[in-house]
Each structure stands twice: as structure tokens, then as C-alpha cells.
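Take a look at the structure set out below.
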Amino acid sequence: MMKKAAKFFAVLAVSCSMIAATACGSADKGTGSANQGQTGDKQGVKEITWYLHTQYGKEYFENDVIKPFEEQHPDIKINVTYNADPEQITKSQLAAGAGPDIITTDGTTTLRQFAKAGYLVELDEYSKKYGWDQRFIPWAYPPVTVGDKLIGLPGKYETELVYYNKKMFADNGWDIPKSYDELVALSEKMTAKGIIPFAFGASDYRGANEWWLSMAYNATLGPDKLKKVLAGELPWNGADSTEAVQKLVDLWKSGYINDKKSHAITGEDATTLFLSGKAAMKMEGSWLLNTLSSKAGDMDWGIFPMPSWKEGVETNLPLALGIAYGINANSKDPDAVAEFLNYVTQPDVAAKGIVSMGLQPIKDLDVGAIPDLDKHYKEVSDLLADYGKRNATGYLSWTFWPAQTRVFSYDNLEAVFLDGMDVKSYMDKMEATYQEDKQSGKVFDFEK
């Protein structure tokens, strides 16, 4: 609780200081704008502000995006502020009528909230001007569309996979599991040898629990039925949803997910367990490709889709947009911001950021043509293309689940793991939270 409070006040302090600096800058110019750095009068240079997470590829953005863009557009200056929680700071500033010119969110749930609150510029005219309506993979448009209006651009897309130690599998004669029962049987064999089946840690980021929860829902319900749950046509505490959570809880309580210690170790510690051979597998998002390609050394590792957890449900790859970009409605220079976002999402520019940022849903981005790129990126890209053609893709929480339902689900999952809450109570409260989201208009609209 103290850590939560400390984080909250730290974010609040930074947010307030940034708002104060923003307001003062505006007052000095007599413009009435609340946006920091938007001078537009410094020898004709338009200054655009942008907040990015410290985990993003700073070198990529500075050297491969901002520098060449500014060289081509000397009348536009991009001012980046890196922070450990830029999304929270942006929320606070937008509510105060301020905020950066470029709005960047982790996924689209928050971006859609911003749009419904009137914080974002509608991008349809820019889409026509720059051809954005033809630039991205089709499935990436609905998450950045609200009421038939384009409100953002997809930054990167993500899926969840099982990473595994290929040599360990070969040495022990283990096959890749094709069902939930086979997954359990394999985990039993691994545990008997003193090997942790799945490395996973969430002590430093409780939100990581949603990775497993998203996987459980997609693997048990399948895309069609999960879509009905997300749309409110099936209850969150129904039999299928309950089965998904119960199977996840069973895996955890059997010790197959980090020996029942995931709440006590960090994500980095869990990765170390996998890299050191103490764990045979790691279920995580496609962002882990960057870490493994740079740290695995001579380790022979591979990937496979999580098998279906229920008979009759096809194995699928759940998808999400991990980053989305928007334009602040209070920006003094939205045309300049649009010009920059158009540059950021060009295939040749995006290709340079695959390692730093992850895979990006741009049609003409050929991952296989990128020199010196780890082979696993192409493998994941090909998997996504294959599953996409077969309509065997699901819905990850940070793009498709309503905001409060999502937060409740990952914030309370450990209580179920540790017997602080029973599964039925958890499911009932999830359904109640979903109904609150529905009442406040936060449910994803799959028809638009």
C-alpha cells in the first residue's frame, strides 16, 4: 500500500510540475494554450511535444526517427520527454486541458477513452491525405476507430506465445503440447525433474497477470465466444469464463507457473530462470523477442502457440495493439503532428524499429528483408500472417477489454491464486465491474 501511494504521489508531483511548466509557457506567450512547448513563433519553427516511456527504444526514436525527420522538416522540432509512466501523466494533463501534442498510449483502451472524452483530433482528413486508410493490416483499424471516426494510428502489435528451450525438449524427448491435457502432462514431467514448467514473475508489475488471464480466456473460449463475452452477449461469470479462470488457477496452484512464486519474483528474474535452464518455458508477449535475441547467447530456443485449453476450440493467436498514437485536440499545430506521425509509420522508418519497438501492423513492412534481424522475428511474423488468414486470432485484454474490467481482473488474480478470494467471487465481481464499464460506455464496439 505504501508503494502504491508513493508511486501515486510521485506521478502526481511530476504531472503537476509538468502542467505548471506548460501553463507558464503558454501564459508568457499570451496564447491561452495549455500545451507545453507549442510556441509556433520561434523563427517559424513549430515545436511538438511528445511523452514516451523510458522502456521504449530511445536510440531508435532519437537517431532513426526524430533526427532524420527534423532534417527533412527544419520548420518542425520534436521535443521528447521520457518517463516511467507517461500515460498516467498524460491522463492528468489532458484532464487539465494540457498534455503533449502527440498522445501515446500502451494499447488502445486508454486512447479510446481519450477520444470519447473529446481529448483527441479526428484523423479522417489526414487519413485521406496520407493514405493511412490503406497503410495498415485491416484488423488494426477497429481498435483505433470510435464511432466510425479514426482517432489514432497503430504503433505496434503484439501476440502471446510460448517460448521454450529446444535443447531441453530434445534431450528429454518432450513434444510440443497440442492440448490442455498434454500441457498438464508435460508440466508434470518437468516438475518431476526439478524443472519449472513456466517461468513467470509479477512482483514488480502486477499488470503482468493479465498476460496469463488473456491467454486463458482465448485458449478456453476461442475468439468467437470471447468476442461475445466482450460485447456483453455472454456473462463474464458464465460457465466458459469460469472454466478459463479455473484452469489457470489449477496450473498455478499445481506449481507449473513458477512454482507458485510468481507474485514474489520480478519479470526479469523469471526471464533469468528461463535463460539459465531452470525453467523450460515462458509464456509472454512478442516483446520478449528483443530480450531473448540479445541475451540468449548460444541457447537454442523456439516458439509455439499456446494449445487450445478446451476440446472443440481451435488454437489461436490472441492479438493486441501495444502502442497507439493520437493528436491532442488542444495542439496548436495538428498538421505538423500529423506530418510527423505519417513519417513514423512509413514502412522504411518502422522497419528500423522492429528490435526496439516490436512488430508493427504495416502492410508493406517486409520483416524478412531486414538485414541481421534475428530469425525468430520472421517466424512470429509468419505465424501471425498464417493465423490471420485463417481468422484464428483472438483478443488480448489491453486492447479489447473494457478499462475497469481489465484492471479488476489483473489486480485481483493473485488473491485467487493465494486463496484470498474464491473463483466464484472473483467471477461475480468481474461481471459486476463489466456492467459498470458498460453503463459508462467503455465496452469495445466491434461493429465500428
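Every number in this text was worked out from the coordinates using simple rules, so none of it is lab data. Everything numeric in this text was worked out from a predicted model, so none of it was measured. When we count neighbours, we look across all protein chains shown, and the Cβ atoms used for this are built from the backbone with ideal geometry, even at glycine.
For this structure, a couple of remarks:
- Gaussian network model of the chain, Cα within-10 Å springs - most flexible of R112, R406, R135: R135
- Taking the helices alone, the chain has a mean residue ellipticity at 222 nm of -14000 deg cm²/dmol, built from -39,500 (n - 2.57) per DSSP H run of at least 4 residues and averaged over all its residues.
- Segment K363..E182, full-extension length gain: 61.5 nm, with 0.36 nm per residue of separation and the alpha-carbon distance subtracted.
- DSSP beta bridge pairing in the chain, given as percent antiparallel to the nearest 5: 60 percent
- Amide hydrogen neighbours beyond the local backbone of L234, cut-off 5 Å, H modeled: V229
- More than 20 angstrom apart: percent of Cα pairs within region 204-282: 40 percent
- The chain, relative contact order in percent, only Cα pairs under 8 angstrom and at least six apart counted: 24 percent
- Summarising the amide proton neighbourhood of V162: residues at separation of 5 or more, or on other chains, whose placed amide H is nearer than 5 Å comprise F304, M306.
- Kirkwood hydrodynamic radius of region 260-323, from inverse mean 1/r over distinct Cα pairs, in Å: 13.9 Å
- Span-like helix ranges in the chain, DSSP H, alpha carbon extent 27 angstrom or more, Kyte mean at least 0.5: 2-29
- In the chain, the ratio of gyration radius to Kirkwood radius, Rg to Rh, stands at 0.97 when only Cα atoms are counted.
- Proximal aspartates and glutamates relative to K166, as straight alpha-carbon distance under 19 Å, when same-chain residues fewer than 8 apart are discounted: D175, E182, E188, E284, D298, D300, D374, E379
- Summarising the amide proton neighbourhood of M421: residues at separation of 5 or more, or on other chains, whose placed amide H is nearer than 5 Å comprise V416.
- Cβ-Cβ distance of E62 and M299, R₀ of 45 Å, FRET efficiency by 1/(1 + (r/R0)^6): the value works out to about 0.90.
- Sites listed here are trypsin sites (Lys or Arg not before Pro) in region 154-222 whose DSSP assignment is loop and whose Cβ has at most 14 other Cβ atoms within 10 Å: K178, K193.
- Where the alpha-carbon atoms of region 74-189 are placed on the principal axes, they occupy 61, 33, 33 Å, in descending order.
- Modelled FRET efficiency - R0 35 Å, E431 with D335, Cβ distances, 0.05 increments: 0.20
- Qualifying GluC sites (Glu not before Pro) in region 258-367, where qualification requires a DSSP coil assignment and no more than 15 other C-beta atoms within 10 Å, comprise E311, E314.
- Note on region 316-448: along the principal axes its Cα atoms extend 51, 43, 29 Å, ordered by decreasing extent.
- Bridgeable lysines around K149 (alpha carbons under 19 Å apart, same-chain partners fewer than 8 residues away excluded): K116, K128, K129, K442, K448.
- Links that overshoot a 28 Å alpha carbon limit, given the list K91/K363; K295/K389; K67/K156; K167/K261: K91/K363; K295/K389
- Computed FRET value (nearest 0.05) for N79 with N172, which takes r as the C-beta separation and R₀ as 45 Å: 0.25
- Which listed pairs, of K178/K429; K189/K282; K228/K253; K178/K247; K225/K429, have C-alpha distances above 22 Å, in listed order: K178/K429; K228/K253
- Neighbourhood net charge (13 Å Cβ-Cβ; Lys/Arg +1, Asp/Glu -1) for S425: -2
- Separation of alpha-carbon centers, region 290-362 and region 161-236, rounded to whole Å: 21 Å
- Net charge over other residues, Cβ less than 15 angstrom from the Cβ of D382 (K, R count +1; D, E count -1): 0
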